[in-house]
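Chemist: My questions will all concern the structure given below.
No lab work stands behind these numbers, since they all come straight from the coordinates. Treat the numbers as computed from the prediction; the structure is a model and nothing was measured. With ideal geometry, Cβ positions are generated from the backbone for all residues, glycine too; neighbour counts draw on all protein chains shown.
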Amino acid sequence: MPKTPSEILSAIAAKLGLDRVGSAGGDLDVTSPIDGKTLARLPSSSTDAVAAAVERVETAFRAWRRVPAPQRGALVRVFGEVLRERKQELGTLVSLETGKILTEGLGEVQEMIDICDFAVGLSRQLYGLTIASERPGHRMMETWHPLGVCAILTAFNFPVAVWSWNAAIALVCGNALVWKPSEKAPLTALACRHLLDEAAARVGGVPEHLCEIVIGGPQIGAALAQHPKIPLVSATGSCRMGRAVAPLVAGRFGRTLLELGGNNAMIVAPSADLDLAVRAILFAAVGTAGQRCTSLRRLIVHRSIERKLVDRLVAAYGSVPVGDPLAEGTLVGPLIDKRAFTAMQAALEAAKAEGGTVHGGARVLAERHPDAYYVTPALVRMPQQTEIVRAETFAPILYVMPYDSLDEAIRVHNDVPQGLASSIFTTDLREAERFMSAEGSDCGIVNVNIGPSGAEIGGAFGGEKETGGGRESGSDAWKAYMRRATNTINYSNELPLAQGVKFEVG
Ligand code: UN1
């Protein structure tokens, strides 16, 4: 008899510091999408508790900013070691709480380890520029300083990796953190804090309350967004969430780092290697049950190969194993909840009404799991890019549309409100370069001969338009977590003014 999610949780809880979590009960029912049953009950934080947490974190920040950056890196290095030791348990918990298949749960923890490694190196590379001054005997430079308390709002679908992109970088930059996880995945957050505490105990000299977790819904997010002591709010989730949070932060001139919805497409050109394309499409559209912000949602296929590609995809879709995400061989786990299922069905109905032909998309395993929502992935042939195609539905629906010229394909590609990830499959160098050029994809992530999802941590991650414009993770995304001071130093005995201005008495 396979174990239930809650039995599996009991077996790993101690290693993640969760053995006593939930014993006191609470108003928040945390369920596993695997069977829809309760994993734990937790109390949500009150707004007073949020304010008190921010005060504690602020105090921690004042101490932490004095610690030299390479020493801050030592905490993140040891955190990466702890994550290596607990990868199996934390990855399993990710699967239990989000329903993603185990290899993806483990992959998420690997993504955390990778960003820790990146941040450790970065802790010795928070470089500022030295700038040539126009004035004799002067030097200019930029220095980067810690920003303060960073609020991190995360979504259910990448409950630990996205936090770690923010946390690892923000910590080496000298900041302290308040984390509001999704109400659908608070256990992974509590486990991460426990592992970070363990790393802090091993390293020593780390201020207490460097990372506090607050639990709750939009009202908790709003309290953080409005808090005057939080200079940066990094929020990942839907465009709707971003629309609520961003004006609150902007209203007090705070900084936001937004990673919102995507409506990611792939153009498949006549010269494409179709074997590779089919594999890439499956991983990107069907993987994580279509619940990545980078999931492939639109396929724009040259008319000459559309039939052939669709036939291959329909066959592949028909044999994708859907089921228990912890079972060997499963590729598609459950949707997060009933709401996600209802939204998926509504989108498929809308697509039909707008002229689409739907393959797949039905609920399965309902008798065995009446409270869980497993679906077969859906492939929908659309005559053109209609309204429903332009909206992000967080479910495994792939809309397929034909094109005749690359210009038309790029126009259709960019004609959506979101701008996160994109890709082209072609072996024609001119097409590939065109797609990556200023006249090509308008997204933050533009790939060639790989799908739009599954980015590595080394690049800056995020997108344009309604995706919110933020960049997290690698490259120079760290600059969002620091404040920049421009310094001008006069080492001469004169006081020349810039722009040749004369200002002298007498
Ligand atoms: C998300 O879905 O919010 O590129 C993040 C990817 C992952 C991260 C996804 N590395 O698909």
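Chemist: Roughly how many debye, to the nearest 20, is the charge dipole of the range 324-451 about its Cα centre, given +1 on each Lys and Arg Cβ, -1 on each Asp and Glu Cβ, and no other charges?
Modeler: With only Lys, Arg, Asp and Glu charged at Cβ, the dipole is about 340 debye.
Chemist: Counting pairwise Cα distances across the range 446-499, what percent come out greater than 14 angstrom?
Modeler: The answer is 71 percent, as a whole percent.
Chemist: Here is a follow-up. What are the chymotrypsin sites (Phe, Trp or Tyr not before Pro) within the range 414-506 that DSSP puts in a loop, where the Cβ has at most 13 other Cβ atoms within 10 Å?
Modeler: Tyr491, Phe503
Chemist: Taking the alpha-carbon centroid of each part, what is the distance from the range 320-338 to the range 452-496 in angstrom?
Modeler: So the separation of the two Cα centres works out to 38 Å.
Chemist: May I pose another question? Based on the Cα gyration tensor of the range 349-442, what are the three equivalent ellipsoid semi-axes, each the root of five times an eigenvalue, rounded to whole Å and given largest first?
Modeler: Taking √(5λ) for each Cα gyration eigenvalue gives 31, 15, 12 Å.
Chemist: At 20 °C and 1.002 mPa s, what whole-number value in µm²/s does Stokes-Einstein give for the translational diffusion of the range 103-243, with Rh from the Kirkwood sum over Cα pairs?
Modeler: In µm²/s, the coefficient is 129.
Chemist: In the structure shown, do any of Lys15/Lys479; Lys3/Lys87; Lys37/Lys87; Lys180/Lys338 have a Cα-Cα gap over 29 Å, and if so which?
Modeler: Exceeds cut-off: Lys15/Lys479.
Chemist: What percent antiparallel are the DSSP beta bridges of the range 98-254, to the nearest 5?
Modeler: Restricted to the range 98-254, the bridges split so that about 15 percent are antiparallel.
Chemist: Over the range 205-276, calculate the relative contact order: mean separation of alpha carbon pairs under 8 Å at least 6 apart, over the residue count, as a percent.
Modeler: RCO, the range 205-276: 28 percent.
Chemist: Report ³J(HN,Hα) in whole Hz for each residue of the range 227-236, in order, from the Karplus equation J = 6.51 cos²θ - 1.76 cosθ + 1.60 where θ = phi - 60°; Gly and Pro get x.
Modeler: Those phi angles translate into 6, x, 8, 10, x, 10, 10, 9, 10, 10 Hz.
Chemist: Quick one: what does P(r) look like for the range 150-194 with 5 Å bins over all Cα pairs, in whole %?
Modeler: For the range 150-194, the pair-distance distribution reads 5, 25, 36, 23, 8, 2.
Chemist: Collect residues whose amide H, placed 1.01 Å from N in the peptide plane, falls under 5 Å from the amide H of Ala40; neighbours closer than 5 in sequence don't count.
Modeler: Excluding prolines and chain starts, which carry no amide H, the hits are Val30.
Chemist: Are there trypsin sites (Lys or Arg not before Pro) in the range 337-438 that DSSP puts in a loop and that have at most 13 other Cβ atoms within 10 Å, and which ones?
Modeler: Passing both the DSSP loop test and the Cβ count: Arg368.
Chemist: Which value, in nm² and rounded to one decimal, describes the direction-averaged projected area of the C-alpha convex hull of the chain?
Modeler: For the chain, averaging the hull's shadow over all directions gives 27.8 nm².
Chemist: What list of ³J(HN,Hα) couplings, whole Hz, do you get for the range 283-290 from phi and the Karplus terms 6.51, -1.76, 1.60, once you set θ to phi - 60° and write x for glycine and proline?
Modeler: For the range 283-290, the Karplus-derived couplings read 4, 6, 8, 9, x, 6, 6, x Hz, x marking Gly and Pro.
Chemist: Also: What is the P(r) of the range 187-295, as percent of Cα-Cα pairs per 5 Å bin from 0?
Modeler: 2, 10, 13, 13, 14, 13, 12, 10, 7, 5, 2, 0
Chemist: Percent antiparallel among DSSP beta bridges with both residues in the range 319-477, to the nearest 5?
Modeler: 55 percent
Chemist: Above 16 Å lies some portion of the pair distances; for the range 263-335, what is it as a whole percent of all C-alpha pairs?
Modeler: So the portion of pairs separated by more than 16 Å is 51 percent.
Chemist: Can you sort Cys211, Cys293 so the residue with the fewest Cβ neighbours within 10 Å comes first?
Modeler: Ordered by Cβ neighbours within 10 Å, fewest first: Cys211, Cys293.
Chemist: Per DSSP H run of at least 4 residues, take -39500 (n - 2.57); add these up for the chain, divide by its residues and hand me the 222 nm value, nearest 500 deg cm²/dmol.
Modeler: -12000 deg cm²/dmol
Chemist: Determine the percent antiparallel among the DSSP beta bridges restricted to the chain, to the nearest 5.
Modeler: Given both bridge residues lie in the chain, the antiparallel proportion sits at roughly 40 percent.
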